[in-house]
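Right, one structure below, let's go through it.
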């Protein structure tokens, strides 16, 4: 075979290979473009929520020490006891029941229902080694003395709700303010209030340090989850879903409580908005609601 013929055959093969590569790439790119276009037409699955009313409020945070609703202290000399008080066996007593009987036939009677317990004392104090000091405590309700800054004097009043918590229990204990001091402490610039909280299960005991939130300016307002709010500079937005299409709505917001944001204006009750994943969608984009949360 002549050299010229070989060169022609070689060049022909190269041209065929290049044409195949270019053609293959074009086919693949067309398929990718078609798939992307198809995906763009497919609605994005989203989680939505309906706009509704929630409780919003302002709060003053403080702390206080738990105090028995009623307390009765008993000091008895051991020599005067007919029998020892069994604190472990009889921790609860009813009003009118006998707490202890003394040698002179005198009886110590419980003046109210409560829990009885021994108080630790130092030998030599209050009768020392020959004395038993006991406390009877009514703890179905507890009192808390709370100091609040004087600048809140205009909102503090009897009946305000309080929410009490402690690291010891994963729950909130509810109560309300019962009394308010008639004077401001000139040293701390605070006013003393006393709250009464429900301790029906007697989980809290006197002496515990408790976290306290005093609730005021309670109001029912439209609210949304914090995750649904978009912030761009000084402007706030939500993505409203209308006929499975995303609409960007500007809103004015107020307070924030427990993961909810108060909406002053911009959307209405029962409007459906995007609850999560605001970075996945764009205005005028098509979506499909796969889940609605409260």
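No value in this document is a laboratory result; all are computed from the given coordinates. Note that the structure is a prediction, hence the values are computed from the model and not measured. Here Cβ is always computed from backbone atoms with ideal geometry, including for glycine, and neighbour counts include all displayed protein chains.
Distance from the Cα centroid of region 43-66 to that of region 237-294 is 15 Å (rounded to whole angstrom). When 54, 169 are arranged by Cβ crowding within 10 Å, least crowded first, meaning fewest neighbours, the order is 169, 54. Arranged from fewest to most other beta-carbon atoms within 10 Å of their beta carbon, 212, 162 become 212, 162.
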